[in-house]
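Working notes, structure below.
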Amino acid sequence: MRIAAGLHPHNAKHWGPEIEERLRALLHDKRTSCLGEIGLDYHYDLSPREDQERAFRAQVRIAKEAGLPVMLHVREAHDDALAIMRDEGWPEAGCILHCFTSDWETLEPWIEAGCSVTFGGALTFNNGDAIRDAAARVPEMQLMVETDSPYMAPKPLRGEVCEPAMVVFTENALADVCGAEGEERLALFRRVLTNAESMLNRPPTAWQLGK
């Protein structure tokens, strides 16, 4: 089991010295392999947008200091989030665009920047043609799948509480949209697993070890 820790944009209004201290303590735990979810959410706007940006920028800087990848939650805010990442600089350890549910036009600049992208159960939904089109265009080295548990259970399990075992349906849908069959399908499954493990199951960073 590995851990991701970060202040979600919904809670960005609470960012301050105390939260930063708590976050740094969690990041120093050698089981922690990622800083996230962080980013911008303009759909719910549960925190003011200026607070979202402030917390987002601060946490990207901490991730770079710690040598950890970031996992981004971006909803209806891709242009602003991309501008912030370009301004702050991409962490050398990597960047994951979490649970992507938009189209290729939105995704392409993130892929060009070297960001990895995860697809959840929405990839299987009847209204997910744009998501499937985007997924089919992503280089295999940048592909991942996820549950977004407890939400977004894939077909044929929509409406249930999503759990890790259900990712098999999403991964099969990904293989379908990529046109992978037989040995190519198995190779794609291995690649997606390797992508996740190489970014999220690495040894502790020098920062975590206090070096």
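The values are calculated or read from the model by the stated rules, or taken from the named source; none is laboratory data. Because the structure is predicted, anything quoted here is derived from the model rather than measured. Cβ: placed from backbone, ideal geometry, glycine included. Neighbour counts: every protein chain shown. The accessibility values were calculated without ligands, DNA or RNA, using every heavy atom of the protein model including side chains. Shrake-Rupley method; radii C 1.70, N 1.55, O 1.52, S 1.80 Å.
Provide the descending list of Cα extents for the range 80-179 along its principal axes, expressed in whole angstroms.
On the principal axes, the range 80-179 reaches 41, 27, 22 Å in Cα extent.
Local charge sum around Leu23 (other residues, Cβ-Cβ under 13 Å, Lys/Arg +1, Asp/Glu -1)?
-3
Among Ala135, Val168, Met152, which residue has its Cα furthest toward the positive end of the charge dipole of the range 120-186, with +1 on Lys/Arg Cβ and -1 on Asp/Glu Cβ?
It is Met152, whose Cα lies furthest towards the positive end.
With a/c under 1.5 counting as rounded, go ahead and sort the range 1-43 into rounded, prolate or oblate using the C-alpha gyration tensor (a ≥ b ≥ c being the square roots of the eigenvalues; past the cut-off, prolate if a/b is larger than b/c, else oblate).
Here the range 1-43 falls in the oblate category.
Using a 1.4 Å probe, how large is the accessible area of Cys162, given in Å² and rounded to the nearest 10?
Accessible area of Cys162: about 10 Å².
Rounded to the nearest whole Å², what accessible area per residue is found for the range 28-84 with the 1.4 Å probe?
That works out to 42 Å² per residue.
Which value, in debye to the nearest 20, gives the size of the charge dipole of the range 1-128 about its Cα centre, when Lys and Arg are +1 and Asp and Glu are -1 at the Cβ?
It comes to approximately 600 debye.
What number comes out for the charge environment of His98, summing +1 per Lys or Arg and -1 per Asp or Glu over other residues with Cβ under 9 Å away?
Taking every other residue near His98 into account, the sum is -3.
Rank by packing, highest mean first: peptides 180-186, 12-18, with packing defined as the count of other Cβ atoms within 10 Å averaged across residues.
Listed from highest to lowest mean packing, they are 12-18, 180-186.
Round to a whole angstrom and tell me the spacing of the C-alpha centers of the range 150-211 and the range 28-76.
21
May I ask for the Rg/Rh ratio of the range 145-211, computed from Cα atoms with Rh as the Kirkwood radius, given to two decimals? Each step should come with its number before you reach the end.
Values: Rg = 15.5 Å, Rh = 13.7 Å.
Checking Rg against Rh, the ratio lands at 1.13.
Where does helix 167-177 land angle-wise versus the long Cα axis of the chain, in degrees 0 to 90, nearest 10?
Computed tilt is about 60 degrees.
Once phi is turned into ³J(HN,Hα) by the Karplus curve 6.51 cos²θ - 1.76 cosθ + 1.60 with θ = phi - 60°, what whole-Hz value does each residue of the range 144-159 show in order, with x for glycine and proline?
Those phi angles translate into 9, 10, 7, 9, 6, 3, x, 9, 6, 4, x, 4, x, 10, 4, x Hz.
Over the range 1-117, what percent of the accessible surface lies on carbon and sulfur atoms, probe 1.4 Å?
46
What accessible area per residue comes out for the range 101-153, rounded to a whole number of Å², with a 1.4 Å probe?
Result: 44 Å² per residue.
Please list the radius of gyration and Dmax for the range 1-100, considering alpha-carbon atoms only, with Å as the unit.
12.3, 34
Which of the aspartates and glutamates could a cross-linker span from Lys211 if the Cα-Cα distance has to be under 13 Å and same-chain partners fewer than 8 positions apart are dropped?
Glu65
So what's the angle, to the nearest 10 degrees on a 0 to 90 scale, between helix 182-200 and the longest Cα principal axis of the chain?
Once rounded, the angle reads 10 degrees.
Per DSSP helix of 4 or more residues, -39500 (n - 2.57); summed, then divided by the residues of the chain. What does that give at 222 nm, rounded to the nearest 500?
Taken over the chain, the calculation gives -13500 deg cm²/dmol.
From the phi of every residue in the range 111-122, what ³J(HN,Hα) in whole Hz does the Karplus formula 6.51 cos²θ - 1.76 cosθ + 1.60 yield, where θ is phi - 60° and glycine or proline is x?
5, 4, 7, x, 6, 7, 9, 10, 10, x, x, 4
Among Thr205, Thr194, what's the order by accessible area (1.4 angstrom probe), most exposed first?
Reading off the accessible areas and sorting them downward yields Thr194, Thr205.
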